[in-house]
1. What is the calculated FRET efficiency for Y92 to E135, with r their C-beta to C-beta distance and R₀ = 25 Å, to the nearest 0.05?
2. Using alpha carbon coordinates only, what is the Rg to Rh ratio of the stretch 27-158, with Rh defined as the Kirkwood radius?
3. Longer than 29 Å from Cα to Cα, which of K28/K59; K83/K161; K64/K156; K94/K161 are they? Say none if no pair is.
4. List I121, I107, I34 from most exposed to least, where exposure is judged by having the fewest other Cβ atoms within 10 Å.
5. How long is the gain from E109 to Y70 if the chain were fully straight, where each residue apart is worth 0.36 nm and the alpha carbon distance is subtracted?
6. Taking the Cα centre as origin and putting +1 on Lys and Arg beta-carbons and -1 on Asp and Glu beta-carbons, what dipole magnitude results for the stretch 27-158, to the nearest 20 debye?
7. Just to confirm the filter: which trypsin sites (Lys or Arg not before Pro) across the stretch 30-96 are DSSP coil and have at most 13 other Cβ within 10 angstrom of their Cβ?
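A short reminder: the numbers here are calculations on the coordinates, not readings from a lab. Just so we're clear, the structure is a prediction, and the values are computed from it rather than from any experiment. Here Cβ is always computed from backbone atoms with ideal geometry, including for glycine, and neighbour counts include all displayed protein chains.
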Amino acid sequence: MTGHISFFKKILLITETVGKHLKSMTKKIICVWIGTFESEDKLYKNYLNFDYENEDEPKSEFGKDAELEYYDEDFMESWWFNKLELNKLTEYRKDLLDSEFFFDELIAELENRDVTNRNSILFLFGENEEHLTNEMLFEYNGMKINNKPIEFVFRKEYEPK
């Protein structure tokens, strides 16, 4: 019996080691857009809302404008303000998933852009290892057409510890 216990302990150790290794290899990504919308309702009910009329290819206006054929909306965070101000964004930093891996760089990028007419920010997260999610973001290079209510401003790959 002792041999069986040590065998199972070895299997458990191997499983834990492989799990830790896989977790350390997980790569994540965030892509960020800023936008201008007449109201909070226009952003959430019109722009981000998926149209499920065509069940084979549900689309949102955001997906069309960002030139994303598909994205998992469960991994999106969006904030609407009367006016987008960097100090307001900083107040909400802790509310944003994995912000410690990209937030300072995002703010630095936004400081170099004209955000005076912007009132919203959209965050889309992806992962390409353990749980494939929005993996197409790793190949995403932004929007080809820029006369849209959103502007692509930031992309960062990171490995959570």
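1. Numbers: r = 27 Å, r/R0 = 1.07.
Efficiency, rounded to the nearest 0.05: 0.40.
2. Values: Rg = 14.3 Å, Rh = 15.2 Å.
Result for the stretch 27-158 is an Rg/Rh of 0.94.
3. Numbers: K28/K59 24 Å; K83/K161 34 Å; K64/K156 22 Å; K94/K161 17 Å.
Those over the limit are K83/K161.
4. Working: I121 25, I107 15, I34 21.
Listing I121, I107, I34 from fewest to most nearby Cβ atoms yields I107, I34, I121.
5. Details: separation 39, 0.36 × 39 = 14.04 nm, distance 2.62 nm.
The E109-Y70 span can extend by a further 11.4 nm.
6. Numbers: 16 positive and 33 negative charges, 136 e Å.
So the magnitude is around 660 debye.
7. Working: sites: K42, K45, K59, K64, K83, K88, R93, K94; in loops: K83.
Here the trypsin sites (Lys or Arg not before Pro) that fit, given the DSSP loop and packing criteria, are K83.
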